[in-house]
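Q: Before we start, here is the structure in question, set down as structure tokens.
Each value in this text was obtained by applying a stated rule to the coordinates, not by laboratory testing. A quick note: this is a predicted structure, and the numbers were derived from the prediction, not measured. Here the Cβ positions follow ideal geometry from the backbone for every residue, glycine too, while neighbour counts run over all protein chains shown.
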Amino acid sequence: MTRDEIRAQLSYYQDLGVTEIYRRTPTSPPPPMPKPKPKAEPLPSLAPVGDTLIQILQDIGDDCRRCRLCEQRNKIVFGSGNEQSPLVFVGEGPGADEDEQGVPFIGRAGQLLTKMIDGTALKEGISITRNDVYICNVVKCRPPENRAPQPDEMEVCGQFLFRQLMAIKPKAICALGGTAAKALLGTKEGVTKLRGNWQTWHGIPLMVTYHPSYLLRPYSADAKRESWEDLKKLLHFVYD
Ligand code: URA
């Protein structure tokens with residue numbers, strides 16, 4: 001506005017009887033009205049009533065494509081063992097041998113796990129072998145190069161692990177290694193801190209112990225001893 005225009009405007013106000021005029025101090029624009037939030041829908045039940053392992057397997061399907069792990073896998077490794085077992089072991093994810101055969105823990109780490117279960121049970125006078133327990137993994141497809149499963153892969157496949165555990169409702173769960181502990185307990189705490197003490201997963205006692213592939217490393221003497229201790233505690237709790 002030019003000075004003359006302002007003058008004209010003021011004399012116009014004067015003619016209207018307006019005798020006072022003030023400048024409004026600039027203010028920041030009012031905050032935008034919050035958009036109405038979509039109403040929270042209840043999460044679909046993760047474990048349908050009367051869920052079964054067969055149903056879960058069917059829901060996964062023969063050619064699951066829910067995450068990138070499908071790209072290089074050969075076989076989906078669902079789980080194996082006694083489907084009514086009071087004890088479930090949860091590992092991280094299939095390795096090369098498991099991917100080839102579709103069965104969890106059959107490679108080197110798996111053979112050690114079998115020895116640990118069978119050997120501890122025998123020594124402790126508990127008449128079970130590996131076939132009496134149920135074994136599965138957090139992710140059902142092999143992560144390439146045996147890398148750790150990524151959070152989104154664990155989340156997608158975690159729904160099936162959740163359902164497996166809910167369907168079996170074991171007396172106790174054993175989380176083998178940090179990935180299983182993280183998936184089941186949602187904690188970043190390491191195995192060293194968690195192991196040896198009872199945790200709980202949805203009211204079910206859970207023991208974290210070292211992953212057998214960690215025990216295959218040459219410098220893990222202490223961890224080996226500790227994992228035998230954990231296993232003894234676990235087997236006595238479940239089978240005594
Ligand atoms: N390591 C795992 O965590 N799971 C398997 O099935 C085999 C090796």
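Q: If you check Leu112, Leu165, which single one turns out to be more than 14 Å from Leu234 (Cβ to Cβ) and either crowded, with 22+ Cβ neighbours inside 10 Å or within 14 Å of the ligand (Cβ to nearest atom) (or both)?
A: Going through Leu112, Leu165 in turn, the sole match is Leu112.
Q: If I filter region 130-157 down to residues being within 14 Å of the ligand (Cβ to nearest atom) and β-branched (Val, Ile, Thr), which single residue comes out as surrounded by the fewest Cβ atoms within 10 Å (Cβ to Cβ)?
A: Among them, the one singled out is Val133.
Q: Also, quick follow-up: How many residues are within 12 Å of the ligand (Cβ to nearest atom) and over 18 Å from Asn146 (Cα atoms) if we restrict to region 82-104?
A: 1
Q: Exactly one condition in (1) in contact with a Phe, Trp or Tyr (Cβ under 9 Å, 6 or more places away or on another chain); (2) surrounded by fewer than 19 Cβ atoms within 10 Å (Cβ to Cβ); (3) farther than 15 Å from Asn137 by Cα is not met by Ser227; state its number.
A: Failing condition for Ser227: (2).
Q: Which numbered condition trips up Arg195, out of (1) surrounded by fewer than 17 Cβ atoms within 10 Å (Cβ to Cβ); (2) of a type in the set (Lys, Arg); (3) in contact with a helix residue (DSSP H, G or I) (Cβ under 8 Å, 6 or more places away or on another chain)?
A: (1)
Q: List the pairs whose first member sits in region 72-99 and is more than 13 Å from Leu53 (Cβ to Cβ), whose second member is away from the ligand (no atom under 12 Å from the Cβ) and of a type in the set (Ser, Thr, Tyr), and whose Cβ atoms are under 9 Å apart, counting only residues at least 6 apart or on separate chains?
A: Short answer, once both residue conditions are applied: Pro86/Tyr239; Leu87/Tyr134; Leu87/Tyr239; Phe89/Tyr134.
Q: Ok, one more. Do you know which residues across region 189-223 are touching a Lys or Arg at 6+ places or on another chain (Cβ under 8 Å) and among the β-branched types (Val, Ile, Thr)? Even if it seems obvious, please write down each step before you answer.
A: As a first pass, look at region 189-223 and keep what is touching a Lys or Arg at 6+ places or on another chain (Cβ under 8 Å): 196, 204-205, 207-210, 213, 215-216.
Listed by number, the residues that qualify are Ile204, Val208, Thr209.
Q: If you check Gly107 against the conditions, is it in contact with an Asp or Glu (Cβ under 7 Å, 6 or more places away or on another chain) and either more than 23 Å from Val191 (Cα to Cα) or within 16 Å of the ligand (Cβ to nearest atom) (or both)? Write out each step before concluding.
A: On the way: in contact with an Asp or Glu (Cβ under 7 Å, 6 or more places away or on another chain): yes; either more than 23 Å from Val191 (Cα to Cα) or within 16 Å of the ligand (Cβ to nearest atom) (or both): yes.
Considered against the rule, which asks whether it is in contact with an Asp or Glu (Cβ under 7 Å, 6 or more places away or on another chain) and either more than 23 Å from Val191 (Cα to Cα) or within 16 Å of the ligand (Cβ to nearest atom) (or both), Gly107 comes out as yes.
Q: Would you check if there is a residue in region 184-196 being closer than 17 Å to Cys136 by Cα and more than 16 Å from the ligand (Cβ to nearest atom)?
A: yes
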